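The structure appears right after this line, and notes come after that.
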Amino acid sequence: MPEQRHTAKLSSVHHWEISYAITRAFGESADDSPPIAAILQLLTDRLNWDVGALWVVNELHLVLECIEFYSPEESSFENFATVTRARRFSLGEGLPGTVWATRNVTELPDLTTGNFPRASVAALDRLQTGIAFPLHVGKRVLGVVEMFSRERRSSDENLHDFLFALGGQIGVFLERFSAGKTLAAADAQFRLIAEAASVAVFTIDEQSTVIFANSEVERLFGYKPDELIGGKLTVVMPEYLRYVHERGLAKYVATGQRHVAWDGIPLPGLHKNGYEIALIISFGEFIRGGKRIFTGFVKAAVAASLKGQPDSLQ
């Protein structure tokens with residue numbers, strides 16, 4: 001009598017255990033390295049399939065690419081593994097492309113029929129049945145997981161529901177990793193440009209806390225970047241302007257309405273040694289984590305100070 005491991009329905013408790021294990025895997029993973037291989041192995045083994053593959057959407061070329069293939073007996077599926085790793089699928093093409101287009105769990109009870117271009121090579125490795133589900137965030141599909149079996153499997157609506165929900169869970173984690181990697185790359189590029197700039201560059205949050213300062217701030221204000229980061233930007237402002245700055249920033253954060261131009265503003269600054277310096281300041285803004293972040297670009301307006309600059313610097 002053939003083994004029944006593939007046809008036995010899995011309980012909701014087992015589904016919960018799989019979901020929890022995936023959450024833990026992502027939580028224990030390094031920020032720049034999502035645990036793709038571990039997730040695919042976990043799903044394939046615990047859901048009792050013979051083969052698993054994970055595809056991601058290449059948004060530049062608008063194709064799905066296989067980035068991971070797994071089987072506990074991969075040597076038994078060499079033909080299918082080779083072709084799968086080499087293939088790309090466009091929207092609506094093959095099992096992964098169908099899932100990408102429909103954003104639904106899709107099951108193929110018979111791999112020799114339907115939209116399955118790898119049918120001949122699957123037959124070589126005696127694979128009969130397949131299922132795939134989207135890794136999604138809202139209406140956006142980030143990737144597709146597909147699994148295959150050498151045995152016939154009966155359709156299970158509970159499994160479909162679980163896989164669709166699980167795809168949303170994994171999609172959120174993948175988006176977080178992707179966003180983190182993108183932000184890290186953007187930060188690295190920004191810092192490189194800022195350090196090469198011939199003007200002082202500050203980045204502050206909504207409370208005017210300095211979260212970045214380039215090395216040029218020392219030449220202009222006398223402070224090393226580390227002396228400013230974590231403190232208030234008001235330290236480089238004359239005392240009579242500090243309240244004006246804080247009130248204006250708070251009002252802008254609350255309303256989103258500008259009352260002054262943000263480009264080429266002449267304002268006095270305060271050097272670490274206590275004298276004022278004439279400055280030209282421009283501001284930019286971006287959103288991170290739902291919060292406003294501001295970057296200021298500051299240069300000296302004139303060589304002489306406004307008040308009390310030492311004669312040696314005039």
Neighbourhood charge, 10 Å Cβ-Cβ cut-off, centred on ILE131 and excluding it, Lys, Arg +1 and Asp, Glu -1: -2
Proximal aspartates and glutamates relative to LYS232, as straight alpha-carbon distance under 12 Å, when same-chain residues fewer than 8 apart are discounted: ASP205, GLU206, GLU246
Using alpha carbons only: equivalent-ellipsoid semi-axes of region 10-152, gyration tensor based, whole Å: 22, 19, 15
Violating pairs (Cα-Cα greater than 19 angstrom) within the set LYS272/LYS299; LYS224/LYS272; LYS251/LYS272; LYS139/LYS291: LYS251/LYS272; LYS139/LYS291
Percent RCO, i.e. relative contact order, over region 12-184, from Cα pairs under 8 Å lying at least 6 residues apart: 20
Point-to-point label distance, HIS245-ILE211, nm (Cα→Cβ direction, 7 Å offset): 1.8
Segment ALA37-GLU78, length gained on full extension (0.36 nm per residue, minus Cα span): 13.0 nm
Computed label-point distance, nm, for sites ARG103 and ASN115 using a 7 Å Cα→Cβ extension: 1.6
Cα centroid separation - region 71-106 against region 222-297, whole Å: 53
Segment ASP156-SER19, length gained on full extension (0.36 nm per residue, minus Cα span): 47.5 nm
Burial order of peptide ranges 132-138, 228-234, 150-156 (average beta-carbon count within 10 Å, highest first): 132-138, 228-234, 150-156
Cut-off 9 Å between beta-carbons: net charge of the residues surrounding ALA53, Lys and Arg +1, Asp and Glu -1: -1
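Readers should treat all values here as calculations from the given coordinates under stated rules, not as data from a laboratory. Remember, it's a predicted structure, so these values are computed and weren't measured experimentally. Neighbour counts run over all protein chains shown; Cβ positions are idealised from the backbone, glycine included.
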